[in-house]
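Here the structure is laid out as structure tokens; the discussion comes afterwards.
The values are calculated or read from the model by the stated rules, or taken from the named source; none is laboratory data. Because the structure is predicted, anything quoted here is derived from the model rather than measured. A quick note on method: Cβ atoms are made from the backbone with ideal geometry, for glycine too, and the neighbour counts reach across all protein chains shown. Please note that ligands, DNA and RNA were not included when accessible areas were found on the heavy atoms of the full protein model with its side chains. Shrake-Rupley method; radii C 1.70, N 1.55, O 1.52, S 1.80 Å.
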Amino acid sequence: MANLETTLDVFSALLASEQPAHIGEADKAIWAYLAAYEGLDAQIEALDRLGRGVAGLDGSSAFMPILLDTLDRHRVRLAEPSA
């Protein structure tokens with residue numbers, strides 16, 4: 001499990017990396033962050049906080065659109081009705 005600051009630090013490193021970042025690294029960080037929250041509502045709220053935190057990071061990085069897309073995929077996943 002990871003907290004908000006740790007997760008944003010991971011994202012900052014990915015955004016600053018000269019090597020192309022892998023989406024799996026961002027996805028793994030998101031899963032680790034969300035694992036700390038129990039329940040759908042808590043995870044949705046946590047993902048919203050994470051999204052607000054990402055908005056303050058380096059938007060000029062070529063990895064930013066990929067990171068935003070990954071966050072959006074998690075939003076969609078959390079919005080899907082459970083089976």
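Taking each residue of segment 61-83 that is closer than 15 Å to Ala29 by Cα and looking for partners that are assigned to a loop (DSSP other than H, G, I, E, B) and not aromatic (Phe, Trp, Tyr) with beta-carbon atoms closer than 6 Å, six or more apart or interchain, yields Phe63/Ala21.
Yes or no, residue by residue, for (1) within 13 Å of Val10 (Cβ to Cβ); (2) within 12 Å of the chain's Cα centre (by Cα):
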position	(1), (2)
Trp31	yes, yes
Glu38	no, no
Glu45	no, no
Leu50	yes, yes
Val54	yes, yes
Gly59	no, no
Thr70	yes, yes
Arg75	no, yes
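Quick one: is Ala32 in a helix (DSSP H, G or I), open to solvent by 30 Å² or more (accessible area, probe 1.4 Å) and touching a residue at least 12 places away in the same chain (Cβ under 8 Å)? Taking the combined requirement at face value, the residue satisfies it. Scanning segment 1-28 for residues that are farther than 17 Å from Pro65 by Cβ and surrounded by 16 or more Cβ atoms within 10 Å (Cβ to Cβ) yields Ala2, Thr7, Leu8, Val10. Is it the case that some residue within segment 44-55 is out of contact with any Asp or Glu (no Cβ under 7 Å at 6 or more places or on another chain), acidic (Asp, Glu) and either loosely packed, with under 11 Cβ neighbours inside 10 Å or outside any loop (DSSP other than H, G, I, E, B) (or both)? Within segment 44-55 (the criterion being out of contact with any Asp or Glu (no Cβ under 7 Å at 6 or more places or on another chain), acidic (Asp, Glu) and either loosely packed, with under 11 Cβ neighbours inside 10 Å or outside any loop (DSSP other than H, G, I, E, B) (or both)), the answer is yes, since at least one residue qualifies.
Restricted to segment 56-75, and to residues there that are surrounded by 16 or more Cβ atoms within 10 Å (Cβ to Cβ), closer than 22 Å to Glu18 by Cβ and not aliphatic (A, V, I, L, M), the residue that is modelled with the highest pLDDT is Thr70.
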